[in-house]
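Before any comments, here is the structure.
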Amino acid sequence: MKKENPAEQKPKYETLIIDNVKYKTTLTKKYINKKPFSEKVLGNMTAFIPGTITEVFVTQGQRVEEGDPLVVLEAMKMLNEIRAPFAGEVKQLLVEPGQRVSKNHLLVEVVSS
């Protein structure tokens, strides 16, 4: 029995609908294996780069105003002050000074009140 050469295989077409227009296309392995999109939550402050938490300015349950400093993330010898995006209350504080965090690690959760 003759083995089928992968280069001779017919591509599998998928249908995508964008702005009510149908497109037929093939999908790459990278696209198929990517993480699904999840909308960002405005009050979830995450690390945009791996680093170390050097200072924490708030406690859980504390009231904050827009622009108040929450934590300092040191990354690549730079101190990055993470600030409150709006006035509200610190629902969760998930880091402490000296803690190393990875990219997208949830640092502080702020909820509007």
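The values are calculated or read from the model by the stated rules, or taken from the named source; none is laboratory data. Small disclaimer: the values here were computed from a predicted structure and weren't measured. Please note: Cβ atoms are built from the backbone with ideal geometry, for glycine as well, and neighbour counts cover all protein chains shown.
Which one is farthest from Ala87 (Cα to Cα) among residues in region 1-52 that are of a type in the set (Asp, Glu) and at pLDDT 80 or above?
Step one: list which residues in region 1-52 are of a type in the set (Asp, Glu), which gives 4, 8, 14, 19, 39.
Keeping just the survivors that are at pLDDT 80 or above gives 14, 19, 39.
Values: Glu14: 45, Asp19: 36, Glu39: 21 Å.
Residue satisfying both the conditions and the ranking: Glu14.
Condition check ((1) touching a Gly at 6+ places or on another chain (Cβ under 7 Å); (2) loosely packed, with under 11 Cβ neighbours inside 10 Å) across all residues:
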site	(1), (2)
Val72	no, no
Met78	no, yes
Gln92	no, no
Val101	yes, no
Leu107	no, no
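Could you list, in sequence order, all residues of region 60-70 that are within 11 Å of Glu109 (Cα to Cα) and surrounded by fewer than 18 Cβ atoms within 10 Å (Cβ to Cβ)? Break it down stepwise before answering.
Of the residues in region 60-70, the ones within 11 Å of Glu109 (Cα to Cα) are 60-61, 70.
Hits for region 60-70 are Gln60, Gly61.
Where the second residue is basic (Lys, Arg) and surrounded by fewer than 17 Cβ atoms within 10 Å (Cβ to Cβ) and the first is closer than 10 Å to Leu79 by Cα and lies in region 49-61, which pairs have Cβ atoms under 6 Å and are six or more apart or on separate chains?
Thr52/Arg100
Could you tell me whether Glu96 is closer than 17 Å to Leu107 by Cα, loosely packed, with under 10 Cβ neighbours inside 10 Å and touching a residue at least 40 places away in the same chain (Cβ under 8 Å)?
On the way: closer than 17 Å to Leu107 by Cα: yes; loosely packed, with under 10 Cβ neighbours inside 10 Å: yes; touching a residue at least 40 places away in the same chain (Cβ under 8 Å): yes.
Yes, satisfied.
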